[in-house]
Amino acid sequence: MKRFLAVAAVTWAGILLAAFYVVQKPPLAAFAGLGDTLWTLFVSALLLFNAYAVGKAVLRWAGWRSDDDPPVRLLLSLGMGMGLLGILGLLFSLVQLAHPALLRFSLILLTLLSLAAGAHRTLHSDARGLARELHLHASGFNLFEKLALLLLLLSSFALTLAPQFEAFDALFYHLAQPVRILQDGGLTLVNIPHFWFPNLTENLYLWGLAFNAERSAQLMHFTWGVLAVALLFLWASRTWGGGIGRKTLLLLAVIPSLPIVASWAYADMALCYYTAAALYLLSRFKAAPSRALLNALGIACGLAMGVKYTSFVLPLACGLLLLLQRPFSRAFRLAAYFSAVAVLTALPWYLRNAAWMNNPFYPFAFGGKYWDDFLAQWYAAPGSGIGWDFLQLIRLPLDATLGYRDANYFDGRIGPLFLILLPAAIWILLTAPRRDSAGAWSLTSIGFFSALSFAAWTYGVIHSAALWQTRLLFPMLLPFAIPAALGWEALTKLDTSRLRVSFLFNAIVSLVLALTAFETGIFTLQRNPLAVAVGAQTREQYLARVNPPYAALIQIMQGLPPNARLYSLFEPRSYALPRAVQPDPILANFAHDLHLYGAPEEIIRQWKAQGYTYLLVYERGRQFVLENNPDYQAPSLQDTLAETLALLQLDRQTSDGVYSIYQIP
């Protein structure tokens, strides 16, 4: 009887539960989205663990002893290991083995080898050491500062959990290129110059995409940013005390675009990290030379050269500073050795370009495949910059801070505090006591690199409007927070009995920090990335909410034949598009075709001969270039474009009219 009642009770409960949830229909589909987020976090953790293991092994090869500074070893091993995984991804691409299954197998095998070598134990030990030291130095923050910093960190992390459909360059090449490599099973000739830039970051993102963990790319970029900030905080705190470390961190926190850019699958945070690491290692080497530090310095600079062409300033500055000692013969040998390590580390990207595109610096300097004088002139846009206008050159720091002329205003905002503190920071760099060799060489390294970087950026802005991007100054700006923090500290010397300048500036920093945290928090709430992270909103729904035109383009393209090939005008982006697309990377496709073929009929004939079946026109991009590009404002070009489109049949268009697809007869 007892058994019968128990079975009856269980049966009754089961019937009621089934009936309730059949009627109520709970959102079980959300578990798929939540599962995808957990998978992304797992894959990201797997990549970071292997990055640490690889980076630690390379540091050991470079001469780093097992008991050498565990907190710094962790920061260097993680950041350098991520870059080395990027180089490994390139090697898989070059030998045509970049298949998702093979990449997954290779990473799992590497994980097993790292576990067998005990990397998990040293990782745990190093992490505990870093946490203890950071906690020690962070004791000077008040409650408001801790809450603001935590809000900025959590907001940036939350944004990494959203699909990448607002970050323009991610859709253009940072994610589009690794996806293309996975589709082709390796590196193939592609007529997109940005695919041939040094792309260490994209080849790291390749691993996560092979695991179908799209958002791991954002998490990798975010990690580089966190490592850079942590290293600078540690550097400042160790050299000048926790008070300067606190001020350095607060100055980094009030850069409005930093938490947002860090959450995108870009390359900026990687270059910021390698710059901070190189300058830190250089200052340590100059204070206490060792072969291990010199090797690590060369590797950091070489990895930086694998991120962007603009990184050339970093090895140049480090090499010149290595020459500033006596005897000169020894200094020359050290600089030559450093240069050899840096070049060997960076060499894979430049050998790839030399072999595939006939130019190690493609598309600059020597041209190469798919490139000619017309495109070089178009891309450089000489004469479009500010020129040698003395007034504009004097105003340049202010204009960069205000951002009103920035080519990418939203992701290049640096905030007002750096410009406010600029005179004090320069005074510190010029007059700081040189008794402490660590502090002296730290300021010398940061000051010289900053001056060289700003000079190079200014030269670019003078000649081309395309280089007016304040975001390009981030690698310089982040280390410059240290002399700015010292300048902030020195404001106490201006205090009088009637006016406490330091108190006023502390209040200004608190106000700016509050505004930055509020703005970032509002931005995060508006984007609501957690809706996707927990599965309350699908990837497609999020895309339709934050980028409706692109979502509509994907939808109408799905109605095209599977073998359709589209030629794009005025649209550089191609990520996640369901059909094969040749994008318009520098917005020159039509102008270049007109230059080559001369007449609408011949242009269309060439499109057809190259295998294109449809023409994709980004109407909003078309309007942008007609308003802002003098070459497209020529009546002859506009008339030819209109004649060309008139010869084609409009096949479909998004409901908002932003994208049009024409059939090529």
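The values are calculated or read from the model by the stated rules, or taken from the named source; none is laboratory data. Being a predicted model, the structure only gives us computed values, none of them experimental. Cβ coordinates were reconstructed from backbone atoms using ideal geometry, including for glycine residues, and neighbour counts include every protein chain displayed.
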field: Every pair of residues 6+ apart whose Cβ atoms lie under 7 Å, when the first sits in the range 405-424 and is of a type in the set (Lys, Arg) while the second is part of a helix (DSSP H, G or I) and surrounded by fewer than 20 Cβ atoms within 10 Å (Cβ to Cβ)
entry: Arg405/Asp399
message: Given (1) of a type outside the set (A, V, I, L, M, F, W, C); (2) in a loop (DSSP other than H, G, I, E, B); (3) under 27 Å from the mean Cα position of the chain (by Cα), identify the lone condition not met by Gly302.
response: (2)
Flag for Pro70 being modelled with pLDDT under 95 and either within 29 Å of Val341 (Cα to Cα) or crowded, with 17+ Cβ neighbours inside 10 Å (or both): yes
- request: Give the number of residues within the range 556-569 that are surrounded by fewer than 22 Cβ atoms within 10 Å (Cβ to Cβ) and free of Cβ contacts under 8 Å to residues at least 60 places away in the same chain.
  value: 6
message: Every residue in the range 398-416 that is assigned to a helix (DSSP H, G or I) and either exposed (fewer than 15 other Cβ atoms within 10 Å of the Cβ) or under 23 Å from the mean Cα position of the chain (by Cα) (or both), please.
response: Leu398, Ala400, Thr401, Leu402, Tyr409, Phe410, Asp411
- request: Select from the range 220-236 the residues that are of a type in the set (Gly, Ala, Ser) and more than 14 Å from the chain's Cα centre (by Cα) and list them in ascending order.
  value: Ala230, Ala236
- request: Can you tell me which residue among Ala265, Ala217 is more than 27 Å from Glu489 (Cα to Cα), outside any loop (DSSP other than H, G, I, E, B) and of a type in the set (Gly, Ala, Ser)?
  value: Ala217
query: Can Phe418 be described as within 23 Å of Leu314 (Cβ to Cβ), assigned by TED's automatic domain parsing to the domain that holds Leu282 and aromatic (Phe, Trp, Tyr)?
result: yes
query: So how many residues does the range 652-665 have that are free of Cβ contacts under 8 Å to residues at least 60 places away in the same chain and either touching a Ser or Thr at 6+ places or on another chain (Cβ under 8 Å) or buried (at least 16 other Cβ atoms within 10 Å of the Cβ) (or both)?
result: 3
message: Looking only at residues that are polar (S, T, N, Q) and buried (at least 18 other Cβ atoms within 10 Å of the Cβ) in the range 465-499, which one is farthest from Ile586 (Cα to Cα)?
response: Thr470
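Conditions (1) of a type in the set (Val, Ile, Thr); (2) over 15 Å from Gly81 (Cα atoms); (3) not in a loop (DSSP other than H, G, I, E, B), marked per residue:
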residue	(1), (2), (3)
Phe172	no, yes, yes
Val179	yes, yes, yes
Gly186	no, yes, no
Val190	yes, yes, no
Trp207	no, no, yes
Ala213	no, yes, no
Trp224	no, no, yes
- prompt: On the given criteria, is Ser156 of a type in the set (Gly, Ala, Ser), touching a helix residue (DSSP H, G or I) at 6+ places or on another chain (Cβ under 6 Å), part of a helix (DSSP H, G or I) and within 30 Å of Ile255 (Cβ to Cβ)?
  reply: yes
